[in-house]
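Colleague: The structure under discussion is supplied below as structure tokens; questions concerning it will follow.
Throughout, read-outs are computed from the coordinates displayed, never taken from laboratory work. Remember, it's a predicted structure, so these values are computed and weren't measured experimentally. Positions of Cβ are backbone-derived with ideal geometry, glycine not excepted, and every protein chain shown enters the neighbour counts.
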């Protein structure tokens with residue numbers, strides 16, 4: 001347990017130091033939100049309607065962008081081998097690494113969402129709806145993505161392959177995330193129904209994905 | 001069982017069986033196509049376009065069957081580490097992608113006259129499209145990882161993760177009430193389709209399955225041979241390497 005806590009702290013520290021690039025995800029998120037109105041025009045009514053979807057796609061892509069760092073740098077400098085040899089089971093190591101990764105990449109997105117939502121003309125309930133749905137849904141993206149990151153860890157240019165492998169599996173998260181976010185701003189579906197399914201997806205992927213990712217990491221050597 | 005799993009025995013057995021299987025597949029498909037175009041009646045509502053069904057439905061079944069074969073092989077890879085299971089996984093992926101593609105294309109061609117659109121974001125269509133994307137991802141994974149053993153294990157893990165999609169495809173028409181019609185052959189209470197249309201469909205499904213089995217077995221054979229060739233070329237390169245090296249003792 002202490003080893004896992006130490007690992008968690010190590011991940012947080014590494015991501016804040018030079019070469020960690022923890023803040024890059026938020027900047028990418030901001031850029032995606034910024035360029036969308038250029039592509040579809042600055043019509044505020046339209047932006048308010050599709051705002052939750054834009055924020056969700058931006059969150060999905062910026063989560064994906066950060067995922068290749070999840071195991072890659074540890075694989076390169078050999079610390080992944082040390083983690084594998086340690087007493088802690090690989091599944092728990094993956095779980096802790098994912099949680100730490102979410103804390104430095106997913107959580108800032110959630111915090112930034114209300115601000116970026118304002119730029120997309122979202123108001124009150126919609127704003128909090130998107131933020132809540134992202135808070136509940138981005139852990140699922142990280143955990144599903146961890147499988148792809150583990151499968152492609154030993155490949156020199158695995159980034160694009162990882163996106164191809166991971167994105168099909170994020171479809172359910174996206175569906176229920178956007179429907180929860182849209183339900184918050186009014187609609188026929190009550191907010192809680194898709195939101196609870198979203199929570200279930202996150203918890204389910206948190207329970208199952210570490211096994212797949214750990215198996216993938218072991219099969220890599 | 002172990003005896004059949006020996007690659008050499010497998011090669012010999014399939015060499016003997018394959019001509020018969022090809023013959024059976026050809027006959028069944030020929031009979032099925034004859035029934036499709038000459039025997040089966042046109043639908044009172046859909047007219048002649050209903051004949052698309054005899055291609056579309058077997059392709060859809062096989063797109064899921066191929067994934068099931070791949071899943072069982074993936075278990076074989078992860079649990080028993082059997083090379084034949086690796087080859088079977090690798091061989092099934094492009095075949096599954098092909099049948100899924102046929103299913104999507106014929107469905108689209110059928111949708112245009114019936115629903116008035118080439119494509120809708122219906123639950124069944126979307127989940128089959130996701131299946132197609134998973135197949136493409138698996139093929140990309142096979143192509144990217146150079147070493148066959150590593151590639152097999154990576155693909156097996158991804159295949160097992162992707163299994164969640166199969167029940168979603170099967171039950172998507174029951175869970176979400178959308179444009180695609182619900183199951184009418186494999187359902188509780190017997191098929192809801194007239195025998196004059198059911199028989200051609202079943203014959204076509206059998207023919208397509210036989211075709212899949214033939215192609216799958218041939219692809220496994222090719223993969224086994226390709227791996228032997230790879231191994232032999234390594235050995236040859238190694239031998240050549242040693243042959244070219246100046247003997248160390250000679251100078252000493």
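Colleague: To the nearest 10 degrees, how steep is helix B:7-34 against the longest Cα principal axis of chain B, on a 0 to 90 scale?
Modeller: 20 degrees
Colleague: Right, something else. At 0.36 nm per residue, and after removing the present C-alpha to C-alpha distance, how many nm does the segment from residue B:49 to residue B:194 gain when stretched out fully?
Modeller: Numbers: separation 145, 0.36 × 145 = 52.20 nm, distance 1.64 nm.
Here the answer is 50.6 nm.
Colleague: Tell me the angle of helix B:195-244 to the major Cα principal axis of chain B, expressed in degrees between 0 and 90 and rounded to the nearest ten.
Modeller: 10 degrees
Colleague: Sticking with this structure for a sec: Neighbour counts of other C-beta atoms within 10 Å: give me A:62, B:88, A:219 arranged from fewest to most. Each step should come with its number before you reach the end.
Modeller: On the way: A:62 26, B:88 23, A:219 20.
Least to most surrounded, the residues fall as A:219, B:88, A:62.
Colleague: Please report B:55, A:144 as a ranked list, fewest other C-beta atoms within 10 angstrom at the top and most at the bottom. Each step should come with its number before you reach the end.
Modeller: On the way: B:55 21, A:144 28.
Fewest-to-most Cβ neighbours within 10 Å comes out as B:55, A:144.
Colleague: Given R₀ = 41 Å, FRET efficiency for residue A:35-residue B:175 by Cβ-Cβ distance, to 0.05? Intermediate results must be reported in sequence, preceding the final value.
Modeller: On the way: r = 36 Å, r/R0 = 0.88.
Given R0 = 41 Å and the Cβ-Cβ separation, E is 0.70.
Colleague: On to the next question. What's the percent breakdown of Cα-Cα distances in segment A:87-221 across 5 Å bins, shortest bin first?
Modeller: 2, 11, 18, 20, 18, 13, 9, 6, 3, 1, 0
Colleague: Shielding by partners for A:163-171, please: the mean number of other protein chain Cβ atoms within 10 Å of each residue's Cβ.
Modeller: Values: counts 1, 9, 12, 2, 3, 11, 9, 0, 7.
Mean partner-chain Cβ count within 10 Å for A:163-171: 6.
Colleague: Same structure, new question: Please work out the Cα convex hull volume for segment B:120-243 and give it in Å³ per residue.
Modeller: On the way: hull volume 16.4 nm³, N = 124.
Cα convex hull per residue, to the nearest whole number: 133 Å³.
Colleague: Okay, moving on. Can you give me the angle between helix A:24-40 and the longest principal axis of chain A, using Cα atoms only, in degrees from 0 to 90, rounded to the nearest 10?
Modeller: The angle comes out near 30 degrees.
Colleague: Shielding by partners for B:125-132, please: the mean number of other protein chain Cβ atoms within 10 Å of each residue's Cβ. Numbers along the way, then the final one.
Modeller: On the way: counts 0, 2, 2, 0, 2, 5, 1, 1.
The shielding value for this peptide is 2.
Colleague: Any chance you could get the radius of gyration and Dmax over the Cα atoms of segment A:1-143, in Å?
Modeller: For segment A:1-143, the Cα-based Rg and Dmax read 17.2, 57 Å.
Colleague: Projected area of segment A:61-154, taken from the Cα convex hull and averaged over every viewing direction, in nm²? Write out the running numbers ahead of the final one.
Modeller: Numbers: hull surface 25.3 nm².
Orientation-averaged projected area of the Cα hull: 6.3 nm².
Colleague: Here is a follow-up. Which percent of the Cα-Cα distances in segment B:1-81 go past 17 Å?
Modeller: Details: 2215 of 3240 pairs.
Roughly 68 percent, once rounded to a whole number.
Colleague: On to the next question. What's log10 of I(q)/I(0) for segment A:31-71 at q = 0.29 Å⁻¹, Debye sum over Cα points only, no solvent?
Modeller: The computed values of log10 I(q)/I(0) come out as -0.98.
Colleague: List, largest first, the extents of the alpha carbons of the protein assembly as shown along their principal axes, each in whole Å.
Modeller: 90, 66, 40
Colleague: Counting pairs of alpha carbon atoms under 8 Å apart in space and at least six apart in sequence, what relative contact order in percent does chain A give? Don't jump to the answer; show the numbers that get you there.
Modeller: Values: 273 pairs, mean separation 56.3, N = 221.
Taking the mean separation of contacting Cα pairs over the length of chain A, I get 25 percent.
Colleague: What is the gain in length, in nm to one decimal, between residue B:80 and residue B:225 on full extension, counting 0.36 nm per residue of separation less the C-alpha to C-alpha distance?
Modeller: On the way: separation 145, 0.36 × 145 = 52.20 nm, distance 2.09 nm.
In short, 50.1 nm is gained.
Colleague: Same structure, new question: Under the √(5λ) rule applied to the eigenvalues of the Cα gyration tensor, what semi-axes describe the equivalent ellipsoid of chain B? Give them in Å, descending. If you can, show how the numbers build up before the last one.
Modeller: Numbers: eigenvalues 376, 89, 47 Å².
Those come to 43, 21, 15 Å.
Colleague: Whole angstrom only: what separates the Cα centroid of segment B:71-119 from the Cα centroid of segment A:45-110?
Modeller: 30 Å
Colleague: Let me ask another. Take every residue in peptide B:152-165, count the Cβ atoms of other chains within 10 Å of its Cβ, and give the average of those counts. It would help to have the intermediate numbers written out before the result.
Modeller: Numbers: counts 1, 6, 11, 1, 3, 12, 8, 0, 3, 12, 3, 0, 4, 4.
Whole-number average of other-chain Cβ neighbours for B:152-165 is 5.
Colleague: OK, next. Considering every pair of different Cα atoms, what Kirkwood radius, in Å, is found for segment B:32-137? Provide the component values of the computation, followed by the final result.
Modeller: Details: mean 1/r = 0.0655 Å⁻¹.
Computed over Cα pairs of segment B:32-137, the Kirkwood hydrodynamic radius comes out at 15.3 Å.
Colleague: Would you please put B:145-155, B:63-73 in order of how densely packed they are, using the mean number of other Cβ atoms within 10 angstrom per residue and starting with the highest? Can you show the working numbers first?
Modeller: Working: B:145-155: 19.1, B:63-73: 21.3.
Going by the mean number of other Cβ atoms within 10 Å, highest first, we get B:63-73, B:145-155.
Colleague: I've got another one for you. Test of understanding: ordering A:54, B:139, B:157 by Cβ neighbours within 10 Å, fewest first, what list do you get? Can you show the working numbers first?
Modeller: Values: A:54 23, B:139 17, B:157 26.
So the residues, fewest neighbours to most, are B:139, A:54, B:157.
Colleague: Using just the Cα positions, wrap segment A:101-165 in a convex hull and report its mean projected area in square nanometres, one decimal place. Spell out each step's value before the answer.
Modeller: Values: hull surface 20.5 nm².
For the Cα atoms of segment A:101-165, the hull's average projected area reads 5.1 nm².
Colleague: In nm, to one decimal, how far is the residue A:43 label point from the residue A:200 one, both placed 7 Å along Cα→Cβ?
Modeller: With each label point 7 Å from Cα toward Cβ, the separation is 3.7 nm.
Colleague: Return a whole-number percent for the relative contact order of segment B:99-213, with Cα pairs under 8 Å and 6 or more residues apart as the contact set. The partial results should precede the final answer.
Modeller: Details: 59 pairs, mean separation 25.4, N = 115.
With pairs under 8 Å counted, the relative contact order is 22 percent.
Colleague: Grab the Cα-Cα distance for residue B:143 and residue B:164, subtract it from 0.36 nm times how many residues apart they are, and report the gain in nm with one decimal. If you can, show how the numbers build up before the last one.
Modeller: Values: separation 21, 0.36 × 21 = 7.56 nm, distance 2.36 nm.
Working it through step by step, the gained length comes to 5.2 nm.
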